[in-house]
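Data block below; observations after.
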Amino acid sequence: MKKTSKRFLSLILSLTLILFTLSAGSAAFSTADTTPRRISVSAKHDGLTKGFCWYTDASTPSQVKIYLDDQDVTKDVVLSEIQSEEWEGSYMHKVTVSGLEGGKTYTYQVGDGNNWSKPGKFVTDDGDDSFGFITISDVHYRAPKEDETPFRGGDFTLRAAVKTIPEAEFFVNCGDFTDDSTNDEWNDYHKAFDELHRALTLVPVTGNHDGFGSYHWFNNMFNLDTSESVQTLNGVNYSFDYGNAHIAVLNTNDLMAMSDAQLKWFRNDMNSTDKDWKIAFMHKSPYSLGKDAKWPDALYLQESFATVCSEVNVDLVMSGHDHQYLRTKPLKNNALAKEGQHGTVYVLAGTAGTKRYQVRPFLSPSFLPAFVPSEFIDALVIQREADYGSWQHEKLQTEVGGCFSTVNIDGGKLELKAYILADEKDADGQDIITQVDCMTIEKKTGQNKISYTGDNTTGLFQYILDLIPSIGNLAKYAFLDWLPKFLLIVPYIIYSSVELGIF
Ligand SMILES: [Fe+2]
């Protein structure tokens, strides 16, 4: 009997030990890392509203602390649209902060109430119609490969941009943040850009690589105003005011490039502002001499999107996709703007990263009439060494390195500059930054009038209805417009591929 009791006691002790071990294990599992990562602050609605987004490994509350002059002012601002959900094995958090004072530099931390991120900062619009920003594109972030020496990612280029224009109030990334939009690549991107994201407000643009195979990636990576987004499956279109500018961000993953529903949104959006400057950012470019300019979507953008830009008097369009820098002269309805006519300047913003495209001479009429009339081009910078055979263009220059642009607006004056950060440093180990373009637009302020005040949202049903003319228009462009032009250049593409190695 005594023996049986001992055995029973020993069994109870063993079970207690097993349960204790299991519960300790599960406690260890539940204390997964709650350190905020993938932190970004995006422009939202206007210069006094910011969209915070970050990730944690474990499910946690979503909190933001806001400081002004080292004082915690969280209770004086408005925290709204608080959202947290599981996404691809991690937890995404979004908080929108409004009610901020203009012209201030705030600091912030994001976290769960106990664990807080490293501090970041952002500035608010001071309303004096004078501000500056940086544009980069196509960083295609991925881990450096062994054969790349030296590897200089887009974060190096953006750091050089911040040094060049420290007063910049935000930076735009015209898309293709990553190559394949995997968890690892977004982690690599955020590690590289963490410090920069915590120093500047971001305006993100969806690229064709940002969401490959899982199109919700982009909307889940940043806190954007999707209230008027035509659909969010494969990217986000949104707009906001900053200073005396109205800025629209377009999604060129919408059908082949842009659906009729999004074009309608863009037209209404630009007609619903009386701001002096109308600016658009997008990924794919209507005007380019790069690898992708020969496909139907570029030509489609010229004939659809660019026509709307002329109609609503957009001043500046900046884009990416074809990894070279190209700026057009002011254009009106796909022709040079005449004296006294309003024109739109299109800037293909180059690549801040290391994947750089050669020029395709067969796309330029100085070689053969095709897609981009030669006289449209006011600046053309190829960011890699290349041999173009006998093809020459008076604006063509080669500067090997990552590209960034700066834009300064002051009342009725807009100044755009483009720079190349050389891959190599100088003898003293300093960055070599070369200015490769400069353009100024001057205009009379107070001229734009609001001509649209209606609802600018597109329901899913309306979007589907609008697909019918969109697909019809695409087919018309593809077969009647693009295909004859493409067939005409096929022999030259073959020649170029064989003789110059450029497809
Ligand atoms: Fe790209």
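The values are calculated or read from the model by the stated rules, or taken from the named source; none is laboratory data. Just so we're clear, the structure is a prediction, and the values are computed from it rather than from any experiment. All Cβ positions, glycine included, derive from the backbone under ideal geometry; neighbour counts span all protein chains shown.
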Legend entry - Flag for Asn115 being on the phi < 0 side of the Ramachandran plot, modelled with pLDDT under 95 and not assigned by TED's automatic domain parsing to the domain that holds Gly353: yes
Legend entry - Residue within the range 454-473 that is in contact with an Asp or Glu (Cβ under 7 Å, 6 or more places away or on another chain), within 27 Å of Ile279 (Cα to Cα) and not in a helix (DSSP H, G or I) present: yes
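For every residue, the table says whether it meets (1) buried (at least 22 other Cβ atoms within 10 Å of the Cβ); (2) away from the ligand (no atom under 16 Å from the Cβ); (3) of a type in the set (A, V, I, L, M).
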residue	(1), (2), (3)
Asp180	no, no, no
Asn187	no, yes, no
His190	no, yes, no
Phe193	yes, yes, no
Ala199	no, yes, yes
Thr206	yes, no, no
Trp217	yes, no, no
Leu224	yes, yes, yes
Val230	yes, yes, yes
Inset, instruction - Name every residue in the range 355-400 that is outside any loop (DSSP other than H, G, I, E, B), in contact (Cβ under 8 Å) with a residue 24 or more places away in the chain and either among the charged types (D, E, K, R) or more than 16 Å from the ligand (Cβ to nearest atom) (or both), in order of residue number. - result: Pro361, Phe362, Leu363, Glu375, Phe376, Ile377, Asp378, Ala379, Leu380, Val381, Leu396, Gln397
Inset, instruction - Scan the range 410-461 for residues that are over 19 Å from Phe133 (Cβ atoms) and in contact with a strand residue (DSSP E or B) (Cβ under 7 Å, 6 or more places away or on another chain) and report the count. - result: 5
Inset, instruction - Answer yes if at least one residue in the range 83-93 is crowded, with 16+ Cβ neighbours inside 10 Å and closer than 30 Å to Gly132 by Cα, and no otherwise. - result: yes
Inset, instruction - State whether one or more residues within the range 479-488 are modelled with pLDDT under 85, surrounded by fewer than 16 Cβ atoms within 10 Å (Cβ to Cβ) and not assigned by TED's automatic domain parsing to the domain that holds Ala293. - result: no
Legend entry - First in the range 137-153 and in the same structural domain as Ser319 (by TED's automatic domain parsing), second anywhere and surrounded by 15 or more Cβ atoms within 10 Å (Cβ to Cβ) and at pLDDT below 65, Cβ under 7 Å, 6 or more apart: Pro144/Phe151
Legend entry - Qualifying strands (runs of 3 or more DSSP E) (wholly inside the range 226-333; at least 3 residues being in the same structural domain as Ile409 (by TED's automatic domain parsing) and under 18 Å from the mean Cα position of the chain (by Cα)): 238-242, 245-249, 277-281, 316-319
Inset, instruction - Only one of these is surrounded by 10 or more Cβ atoms within 10 Å (Cβ to Cβ), assigned by TED's automatic domain parsing to the domain that holds Thr135 and either under 26 Å from Arg356 (Cα atoms) or hydrophobic (A, V, I, L, M, F, W, C) (or both): Ile471, Ile420, Ile494, Ile502. Name it. - result: Ile420
Inset, instruction - Inspect all residues belonging to the range 431-447 and state whether any of them is of a type in the set (Ser, Thr, Tyr), in contact with a helix residue (DSSP H, G or I) (Cβ under 9 Å, 6 or more places away or on another chain) and either touching a residue at least 12 places away in the same chain (Cβ under 8 Å) or not in a strand (DSSP E or B) (or both). - result: no
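What tally of residues in the range 332-362 results from selecting those that are aliphatic (A, V, I, L, M) and surrounded by 23 or more Cβ atoms within 10 Å (Cβ to Cβ)? Explain how you work it out, then say what you get.
At the first step, the residues of the range 332-362 found to be aliphatic (A, V, I, L, M) are 335-337, 345, 347-349, 352, 359.
Still in the list and also surrounded by 23 or more Cβ atoms within 10 Å (Cβ to Cβ): 347-349, 352, 359.
So the count comes out to 5.
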Inset, instruction - Could you check Lys284 against (1) more than 16 Å from the ligand (Cβ to nearest atom); (2) among the charged types (D, E, K, R); (3) at pLDDT 95 or above and say which number it fails? - result: (1)
Legend entry - Yes/no for Val347 being of a type in the set (A, V, I, L, M, F, W, C), within 27 Å of Lys444 (Cβ to Cβ), part of a strand (DSSP E or B) and within 16 Å of the ligand (Cβ to nearest atom): yes
